[in-house]
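Heads up: the structure comes next, in structure tokens.
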Amino acid sequence: MHHTHLSRRRFALLAGTAGVAPLALTGPIPLAAQNEAPITADVVVRRIQARLGGDWPSTGPDGFKAGDPATVVKGIATTAMATLDVLKAAVKADANLVLTYEPTFYGRADGAAPPAAARGRGTFGLAADDPVVKAKREWIEKNGAVVFRLRDHWLARQEGDMVTALAAALGWSNHRVRPDDALYGIPAASAEKVVDLIRAKLNTRGGVRAVGDRKAAIRRVRLHPGSMTPAVMWQRYSEADMIVAGEVREWENTHYAADMFTAGEKRALVTVGRVVSEEPGMRACAEWLKTVIPEVPAKWIDAGDPYWRPA
Amino acid sequence: MTANEVVELIKKNSKVPWNERSTRDRFKAGNPDVTIKGIATTMMTTFDVLKRANAAGLNMVITHEDTYWNDPDDTRDLTANALYKLKTDYVLKNEMVVWRNHDNMHATTPDYTVVGELRSAGIKGGENASMRPGILTIPETTLGELAAQVKRSSGARAIRCVGDPKARVSKVVVGPGYATPRMTPEVDVAIGGEQQEADGGFDDAEYVMDAVSLGMAKGLILLGHVISEQAGMEDYAKWLGTFIPGVPIRFVPAEEPFW
């Protein structure tokens, strides 16, 4: 049992949601009660919430996104991104509750109305009657599926599965330098060879991109699944030969890695794609669920590398 | 002529009232009062671009993107960073100066970054494009063919695409850099530089994947940030030459960073 221990990250999460009333959670539901009632999506989610702890404010990213929470769960699928193809595969495999790390409806708002004053660069907004949104929602309802987003609380888990599972997928589990860090000391190889290994192990198509010194001897690798900020890059790049991240902003971290190369630094930055970097962590989530909801099967469904390269 | 005087001339000749509130469009490194021997325009002031500009005797660099690896060019957390010192010392030691034009460039029609993006993508009719040129119609082709054409035309190595390569497409939207346009029901293909892959303002990749799963013809082509905005800085250099006398003005491309 790990839910009594507050990690630093989870503490930050709690602090960030202070003032929001927590759900009435009193810990795991007694087994006797579980056996009497059918396992609905709502019951599954309440058990996950109890095990992971923390507040679950309705304003946070985690929560039900589509389908009826009262639906009886036949099986659970985990995925980094609940694309329609993932949902189709899940329903076909009798997994009608899908836990997704990333949004279902194409953005941070995830089907809700976008914020009135959208800030920063990029593009915002989605029409309520958008045909893709409508068709996806209808498909989910017609097929009795339920989609729940599980991101912040899974990321905040003390065990740090997003990192360790990515390391395991790359075959580096035994090479962790310190137990509380994402630095791995791997068998030395050129940056090019390590990138080849990453492509093969993560089963990517066209999403992997590398910048820096392709001939550099790589021994120390920092793993950063998901999106990496410039501050992490500035602070940690020099202590590793390679950073493997999900994604970065090209005019920030990619630019930094290119300048380090010009300065003669023998390092490389590899981005494998956000979703690809997060899939191993959601595979670990399916294994974890088997200990939380033993009554129904749980399996991981890979959303896959979204990208291909032109001829 | 000093760098300051060059910037005053640019503001005077601007086709739109100059937005002085932009914190991006400022001097980033070096002394604005330094005498200008030559001007380099570039999409991004990489260390490599600084070195090549200096070797060519161009001591003023006009860059579209940042110099210090974060969008606002905030250097408060970088004062102890070795690379920051190296890059800044290089500018000072060689009497160079870096000035950025980002927001005002995108506010101007034509937005040279988009003009250049359409040209490098091999899409005709973008000679006077604004930052949001709307839906462009190209001769019907497949997504795979269009992506291959964009690759040949731009020379980029690391173009990434989402969607069905066999999908028949003709309605295209483009956006420069991180301003990759959002996909809409009317559009077949969105072309941009880069975009956060998920959990952003709008996630084109997942939208396109789902549209394909529903049998709709949709595609996304990501050129990379540098490639998407690069070519227009050559147009910008030519425009500067129409009113800045007496100094060489040259386009110094930033290299596509990926291998």
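We did not get these values from a lab; they are worked out from the coordinates using the rules stated. The model shown is predicted, which means the values in this text are computed figures rather than measured ones. Cβ placement follows ideal geometry from the backbone for every residue including glycine, while neighbour counts extend to all protein chains displayed.
If the convex hull of the alpha-carbon atoms of the protein assembly as shown is projected onto planes in all directions, what is the mean projected area in square nanometres?
So the mean shadow area of the Cα hull is 26.1 nm².
When only C-alpha pairs under 8 Å and at least 6 residues apart count, what is the relative contact order of chain B, in percent? Intermediate results must be reported in sequence, preceding the final value.
Working: 534 pairs, mean separation 56.6, N = 259.
Contact order relative to length: 22 percent.
Report, in debye and to the nearest 20, how large the dipole of the protein assembly as shown comes out about its Cα centre when Lys and Arg carry +1 and Asp and Glu carry -1 on their Cβ. Don't skip to the end; give the middle numbers.
Details: 70 positive and 69 negative charges, 173 e Å.
The dipole of the protein assembly as shown has a size of about 820 debye.
Just how large is the dipole of segment B:112-228 about the Cα centre, in debye to the nearest 20, putting +1 at every Lys and Arg Cβ and -1 at every Asp and Glu Cβ?
On the way: 12 positive and 14 negative charges, 101 e Å.
With Lys and Arg at +1 and Asp and Glu at -1, about 480 debye.
Tell me, what are the semi-axes, in whole angstrom and largest first, of the equivalent ellipsoid of segment B:74-131 as set by the roots of 5 times the Cα gyration tensor eigenvalues? Intermediate results must be reported in sequence, preceding the final value.
Working: eigenvalues 246, 31, 26 Å².
Each semi-axis is √(5λ); the values are 35, 12, 11 Å.
Any chance you could give the angle, 0 to 90 degrees and rounded to 10, that helix B:204-213 forms with the longest Cα principal axis of chain B?
10 degrees
Give, as a single signed number, the net charge of other residues whose beta carbon lies under 14 Å from the beta carbon of B:Glu140, with Lys and Arg counted +1 and Asp and Glu -1. Walk me through the numbers on the way to the answer.
Values: positive: B:Lys166, B:Arg168, B:Lys171; negative: B:Glu145, B:Asp188.
Taking every other residue near B:Glu140 into account, the sum is +1.
Could you please report the charge total around B:Glu127, scoring K, R as +1 and D, E as -1 over all other residues with beta-carbon less than 11 angstrom from its beta-carbon? The partial results should precede the final answer.
Working: positive: B:Arg119, B:Lys124; negative: B:Asp235.
Local net charge: +1.
What dipole magnitude, in Debye to the nearest 20, does chain B give about its Cα centre under +1 on Lys/Arg Cβ and -1 on Asp/Glu Cβ?
Details: 29 positive and 35 negative charges, 156 e Å.
Dipole of chain B, to the nearest 20 debye: 740 debye.
What 222 nm value per residue comes from the helices of the protein assembly as shown, counting each DSSP H run with n ≥ 4 as -39,500 (n - 2.57) and dividing by all residues, nearest 500 deg cm²/dmol? Walk me through the intermediate numbers first.
Details: 20 runs with 191 residues, N = 570.
Mean residue ellipticity, 222 nm, calculated: -9500 deg cm²/dmol.
How high is the relative contact order of segment B:3-105, given as a whole-number percent (alpha carbon pairs under 8 Å, six or more residues apart)?
Values: 155 pairs, mean separation 41.0, N = 103.
In percent, rounded to a whole number, it is 40.
I'd like to know which of B:Pro110, B:Val247, A:Val211 lies farthest towards the positive end of the charge dipole of the protein assembly as shown, counting +1 on Cβ of Lys and Arg and -1 on Cβ of Asp and Glu.
A:Val211
Assign one of three labels to segment A:139-204, namely rounded, prolate or oblate, based on the Cα gyration tensor with a ≥ b ≥ c the square roots of its eigenvalues; rounded applies when a/c is under 1.5, prolate when it is not and a/b is larger than b/c, and oblate otherwise. Don't skip to the answer; put the middle values down first.
On the way: a/c = 4.33, a/b = 1.70, b/c = 2.55.
Oblate, because a/c is 1.5 or more while a/b does not exceed b/c.
Set Lys and Arg Cβ to +1 and Asp and Glu Cβ to -1, take the dipole of the protein assembly as shown about its Cα centre, and tell me which of A:Val133, B:Ala198, A:Trp234 lies farthest positive.
A:Trp234
Based on the Kirkwood radius over alpha-carbon pairs, what is the Stokes-Einstein translational diffusion coefficient of segment A:161-272 at 20 °C with 1.002 mPa s viscosity, in µm²/s?
On the way: Rh = 13.7 Å.
Calculated translational D: 156 µm²/s.
Would you work out which of B:Ala56, B:Val6, B:Thr35 lies farthest towards the positive end of the dipole of segment B:3-105, given +1 charges on the beta-carbon of Lys and Arg and -1 on that of Asp and Glu, about the Cα centre?
B:Ala56
If you add up the charges near A:Val296, with Lys and Arg at +1 and Asp and Glu at -1, over every other residue whose beta carbon is less than 13 angstrom from its beta carbon, what do you get? It would help to have the intermediate numbers written out before the result.
Numbers: positive: A:Arg47, A:Lys74, A:Lys290, A:Lys299; negative: A:Asp94, A:Glu295.
Residues close to A:Val296 contribute a combined charge of +2.
Let me know the Rg and Dmax you get for segment B:3-105 when you use only its Cα atoms, in Å.
Here Rg and the maximum Cα pair distance are 13.1, 40 Å.
Enumerate the whole-percent occupancy of each 10 Å bin, from 0 to the last occupied one, for all C-alpha pair distances of chain B.
Over chain B, the share of Cα pairs per 10 Å bin runs 7, 30, 32, 20, 9, 2, 0 percent.
Exposure proxy check: B:Arg21, A:Arg274 ranked by fewest other beta carbons within 10 Å? Display every interim value, and only then the final one.
On the way: B:Arg21 7, A:Arg274 27.
The order, fewest Cβ neighbours first, is B:Arg21, A:Arg274.
Hey, what did segment A:161-272 get for relative contact order, percent, Cα under 8 Å, at least 6 apart? Please report the intermediate quantities before stating the final value.
Numbers: 194 pairs, mean separation 31.8, N = 112.
It rounds to 28 percent for segment A:161-272.
Classify segment B:112-228 as rounded, prolate or oblate, taking a ≥ b ≥ c as the square roots of the eigenvalues of its Cα gyration tensor: rounded when a/c is under 1.5, otherwise prolate if a/b is larger than b/c and oblate if not. Before the final figure, lay out the partial values.
On the way: a/c = 1.43, a/b = 1.23, b/c = 1.16.
Rounded shape, in that the Cα axes give a/c under 1.5.
Which of rounded, prolate, oblate describes segment A:34-104, given a ≥ b ≥ c as roots of the alpha-carbon gyration tensor eigenvalues and a/c under 1.5 marking rounded, otherwise prolate only if a/b is larger than b/c? Don't skip to the answer; put the middle values down first.
Working: a/c = 2.01, a/b = 1.10, b/c = 1.83.
Oblate, since a/c reaches 1.5 and b/c is not below a/b.
Round to the nearest 10 and give me the degree value, 0 to 90, for the angle of helix B:143-154's Cα axis relative to the longest principal axis of chain B.
Between the helix axis and the principal axis of chain B, the angle is about 20 degrees.
Return A:Tyr237, A:Tyr256 ranked ascending by Cβ neighbour count within 10 Å, so the fewest neighbours appear first. All intermediate terms of the calculation are to be shown ahead of the outcome.
Details: A:Tyr237 22, A:Tyr256 26.
Result, fewest neighbours first: A:Tyr237, A:Tyr256.
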